[in-house]
1. Among the DSSP beta bridges whose two residues both lie in the chain, what percent are antiparallel, rounded to the nearest 5?
2. Quick query: amide H of S17 versus all other amide H atoms, modeled in the peptide plane; which residues come in under 5 Å with a sequence gap of 5 or more or a different chain?
3. So, with a 1.4 angstrom probe, what is the percent of accessible area on segment 1-145 that is carbon and sulfur?
4. Which of D112, D90, D254 ends up with the largest GNM mean-square fluctuation for the chain, with Cα atoms connected below 10 Å?
5. Consider just the alpha-carbon atoms of the chain and return their Rg together with their Dmax, both in angstrom.
6. Report ³J(HN,Hα) in whole Hz for each residue of segment 212-225, in order, from the Karplus equation J = 6.51 cos²θ - 1.76 cosθ + 1.60 where θ = phi - 60°; Gly and Pro get x.
7. If I model a spin label at A144 and L255 as a point 7 Å from the Cα along the Cα→Cβ vector, what separation in nanometres do I get?
8. Once every DSSP H run of n ≥ 4 in the chain is given -39500 (n - 2.57) and the sum is divided by its residues, what mean residue ellipticity at 222 nm do you get, rounded to the nearest 500 deg cm²/dmol?
Amino acid sequence: MSDNQQWHYENFDPTGSAIGYRITRKLDEVQSPFQKIEIFESTDWGNLMLIDGAMMLTTKDNFFYHEMIAHPALLTHPDPRKVVIIGGGDCGTLREVLKHKGIESAVQCDIDEQVTRMAEKYFPELCDSNDDPRATLMWDDGLAYIKNLEPGSVDVIIVDSTDPVGPAEGLFNKAFFADCFKALRDNGVLVQQSESPLMLLDLIKELRGEMGKAGFAEFQTLPFPQPCYPTGWWSVTMARKGGQGFAFRELPVDLATLYYTGTAHAAGQILPPFVAQALK
């Protein structure tokens, strides 16, 4: 490191790898009741948000994740109207959800209000839809929120969580998925961020197994590039209630995206052989 350059490195033990960013300064830091949130300014990636030292998002590449956790699920459902987002405190997923004109309500329930407050300040473009009348922002326990939903009251549940440790640990097991299953209407779709398909296939297989124990019978894992996350390759996993498969509608022509297209969605459905074999 030269005198005029600073780098931030994240070591990620589960994959035995690290990733680094050239930074100019730390913009902010807050210790919430749940976690430490840090914001850095970088030379090439815009602002960076870290939670407990783990990279959450950058200005440069967050659109891959937010588009892929939102649009495939919403377009797989034939007519989504009521959506619940568990986690998602940076509000980028909420923004993507509300691009769909047919959505009547979208509830975002994140345990930590400070994530949203930091996003509003340092990633304001992600928070464009926070004042949409269809949006409800809650800061509460997502596990309890899902458990208390009326049976058959939601079309799509999006679990936009951090890694399965700390506050997010309970979002990766049968009990939580069973509550999701109950809350979904017939034909409903659950989608969960599911880590790296290169290095964490065991976790994805376990996740699908827990979804199966909870009552879901059909699953689809979609890989996509995510440069700021370990290995640079990430995934979401969908589960369907009601045995309708994973055919999807076309993206509305007036809905602007940077990565997601119907072609990208269809391509993501064709898993590389080593992933398909591992998830059998």
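The values are calculated or read from the model by the stated rules, or taken from the named source; none is laboratory data. The shown structure was predicted, so the numbers you read here are calculated from the model rather than taken from an experiment. Heads up, the Cβs are rebuilt from the backbone with ideal geometry, glycines too, and the neighbour counts pull from every protein chain shown. Just the protein is used for accessible areas: all its heavy atoms, side chains included, with ligands, DNA and RNA removed. Shrake-Rupley method; radii C 1.70, N 1.55, O 1.52, S 1.80 Å.
1. That works out to approximately 65 percent antiparallel.
2. Those qualifying (amide H under 5 Å, at least 5 residues apart or on another chain) are F12.
3. The C+S portion of the solvent-accessible surface of segment 1-145 is 47 percent.
4. D254
5. Cα only, the chain: 18.0, 60 Å (Rg, Dmax).
6. x, 4, 7, x, 6, 10, 10, 9, 8, 9, 10, x, 7, x
7. According to this spin-label approximation, the distance is 3.3 nm.
8. On the way: 8 runs with 73 residues, N = 280.
Counting only the DSSP helices, I get -7500 deg cm²/dmol.
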